[in-house]
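S.K.: Pasting a structure here, questions to come.
The values are calculated or read from the model by the stated rules, or taken from the named source; none is laboratory data. Owing to the predicted nature of the structure, the values given are computational and were not obtained by experimental measurement. Here the Cβ is made from the backbone with ideal geometry for all residues, glycine too, and neighbour counts use every protein chain on show.
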Amino acid sequence: MRNSLLEITPVIPGSLQRLPELAANLFFSWHRPTRALFEDLDAELWKQYWFAMVNRGVMAQPYWWDEQWTISVQHTEADIDKHLGVFEEIAPGLAKTQQERGLKFVGAAGH
């Protein structure tokens with residue numbers, strides 16, 4: 001007797017169309033420089049960033065430094081623009097804290 005398989009292909013709503021792409025993105029699990037970047041994050045500076053964003057109406061991601069890679073597939077372009085605008089506003093204060101504490105600057109690319 002032949003084994004017959006039932007294959008179900010879900011219909012994904014338009015707002016979640018990129019979900020399979022995001023779910024299959026294993027970049028953060030195997031890319032050593034990226035993993036090292038997350039391991040080297042300063043928890044106190046991270047908290048300063050998070051509270052500064054929340055106090056300006058932006059819930060950047062779940063609260064804690066090891067969850068910062070997450071982003072909601074529900075965020076719109078306007079949400080992302082607001083996040084970037086608020087970050088531009090708070091970035092000088094974060095940089096000042098880094099300098100005062102003698103922390104090494106880590107850019108967006110991790111160098």
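S.K.: Output the number of residues of segment 12-47 satisfying the condition of being within 26 Å of Gln74 (Cβ to Cβ), part of a helix (DSSP H, G or I) and touching a helix residue (DSSP H, G or I) at 6+ places or on another chain (Cβ under 6 Å).
M.R.: 3
S.K.: So, one more: Go through (1) modelled with pLDDT of 75 or more; (2) more than 14 Å from the chain's Cα centre (by Cα) for Leu41 and report which single condition fails.
M.R.: With respect to (1) modelled with pLDDT of 75 or more; (2) more than 14 Å from the chain's Cα centre (by Cα), Leu41 is out only on (2).
S.K.: Looking at Ala43, Ala23, which is the one that is among the hydrophobic types (A, V, I, L, M, F, W, C) and either within 20 Å of Arg101 (Cα to Cα) or in contact (Cβ under 8 Å) with a residue 24 or more places away in the chain (or both)?
M.R.: Ala43
S.K.: For Gln68, all conditions in the list (1) at pLDDT 80 or above; (2) surrounded by 12 or more Cβ atoms within 10 Å (Cβ to Cβ) hold save one; what is the number of the exception?
M.R.: Only one criterion in (1) at pLDDT 80 or above; (2) surrounded by 12 or more Cβ atoms within 10 Å (Cβ to Cβ) is unmet by Gln68, namely (1).
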